[in-house]
Amino acid sequence: MLLKRYWLPLSFFIYDGISAVVLPFAALFLRFEGEVDSRYFLLLIPYLPFIVVVRLGTFYLFRLYHRIWRYAGIDELLAILVSTTASSIVIATVMILMKSGIPRSVYLLTWGMTIALVGFSRALMRIYYHYRLRSTSPQKNVLIVGAGDAGAMMAKEVANHWSVERKVVGFIDDDPRKQGQQLMGIPILGTRDMLPYFAAKLNVADILIAMPSVSGKIIREIVGHCKQTNCSIKILPGLFDLIEGKVQLQNLRNVDLEDLLRREPICLDVECIRSYLRNKRVLITGAGGSIGSEICRQVSRLEPAQLMILGKGENSIYEIQQELSTDDSTATRLVPLIADIRDRERIEEIFARFSPQVVFHAAAHKHVPLMELQPVEAIRNNIEGTQVLVEAADRTGVETFIMISTDKAVNPTSVMGVTKRIAEMVVQQKSQSSKTRFAAVRFGNVLGSRGSVIPLFRKQIAAGGPITVTDPNMKRYFMTIPEATQLVLQAGAMSKGGEVFVLDMGEPVRIVDMAEDLIRLSGFEPYKDIEIVFTQSRPGEKLFEELLTAEEGTSATHHDKIFVANLRSVDEKVFWEQLETLRQAVATASIKQALQAVVPSYKPYKEGISTGTKEMPSRNNSSIAGESLTIPN
């Protein structure tokens, strides 16, 4: 075992020792063009032990015998250069001071030949492993999209660590100055519209997208070209991973729907957000959920005086507490709270004890079909729970209260949607008579959140299919968890009280298109390898979601992606009377009628009747689903 481990360093050690003896004599032959006076040999021989010891000792100090030469690169070349130079200076200095009589040009020639011979032996090892591994294993051809820094690093990673399995056969880049050039000896073949041609011509198996800082639009175009091939597609994680040196092939991830749907990054006014959260006592309800936990993470970085994480489920609160507690400074400010937002006595005790200054209300029942079956729970949690929190915030003088809402609150057809619309109305009504800045934030489906379609589709693909889609025409607005969270935080900074903020979320996406894309990106062919089965719409579901009604419209804010919905005012006295009627109706069979009395636009789901709206028109910027309304620039 020891012999196997040390045979290569020992071989290099012996080789370098022999070189140290032979090369001074070779330098003499070069110096005198083959006609060397024998006296020079006699002068040199006594110094040979000294030369060998200095040379090998210096190589050892520079760890030339501790390196894995099969992965040799610039660092190893520099180590050879520096160690040879250092040892040559020592040898020449001592021999000159000792008046050895050896011509000084011999020292220079020995230095150059040592670098060449030592470097050659290590390069030979590098070449040997490279070609041996390539010859013994079938390799997949790889195309890299992006001939920049990230692409070069990616090609190096493939060559150094994955050459057994993969071989980079070319780069794709749109820069006209790079066309016909080579990067690391690999040709830059053409632009992205030529990608399908070269993928077929070179029998490419994998396409690596090494463009971590480009916009979502460009990524979508590249993936569109990739989809014309049968190649698997992977993408670099992102620019910050590149900066931190984390870009390696093992960090590549499959192209997610986030990459296909992402819009230009939302730019936040971080200082504005920090100003209203720093050194403040912040309470987050639903802190264990997808949105709530992300709010916790982002708020914790903004140095609140105290961060209260409230939830009904102890397991989810425990998990986010453990995650945030890894930072000692955050752990000291963290207050985990287990409570039901419908429990008025418990909520009032928490508000009285901790006096929160900012509240983010993310606790809600959100699953549409489940709430159709449990309308009482939806009313109690989404409406009554919100009212309990709003009244406690008003009594204790909370500065800012932001509620998380949904696009399903617009022209609702589900119990979940109508209860969230009423919750918005509760927040708005209370803002008219309170010093607290109450506001709501309305957005669409959140990619990756619990219960969203992406995790479901992935499970169905892993099981071999089929993927179930309710209707081929069903469309949804999508956003990422970070975008949703950033909107919530920014809204808190912008709120003056009573607003319902709306995000410009780009174009709605057909669910069946998402399913087909996900199948392809998983390496399968839709309808051939993985079937897509269409089922009927579930109770409460629409074909098309809306962000606003046609009557509402929007007002611009200083943030180009955030707007304020111009909601119609309602009579405050009538509203609270309707809520009381609704509360009484919970014990009867007339729940949906009572909900409709509060929100006239609510159209309850009826078995066998579609809850879709008419086909959506093409949007300019951010027109609203089902209407000709456009969010202004």
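Rule-based calculations on the coordinates, nothing more; no lab input. Every value quoted in this text rests on a predicted model; they were computed, and no experiment measured them. Every residue, glycine as well, gets a Cβ built from its backbone with ideal geometry; the counts of neighbours run over all protein chains shown.
Hey, which of these cross-link pairs are over 27 Å Cα-Cα: 234/312; 366/592; 234/408? Those over the limit are 234/312; 234/408.
Note: relative contact order over the stretch 42-129, using C-alpha pairs below 8 Å and six or more positions apart, is 41 percent. Counting Cα-Cα pairs of the stretch 2-133 in 10 Å increments starting at 0 gives whole-percent bin shares of 11, 43, 29, 14, 3, 0. With a simple spin-label model that places each label point 7 Å from the Cα along the Cα-to-Cβ direction, the separation between residue 100 and residue 37 comes to 1.7 nm. Tell me, what is the FRET efficiency for residue 573 and residue 459 to the nearest 0.05, using R0 = 51 angstrom and their Cβ-Cβ distance as r? It comes to 0.55.
Along the axis of the charge dipole computed for the stretch 375-479 (Cβ charges of +1 for Lys and Arg, -1 for Asp and Glu, origin at the Cα centre), the listed residues 417, 385, 375 are led at the positive end by 417.
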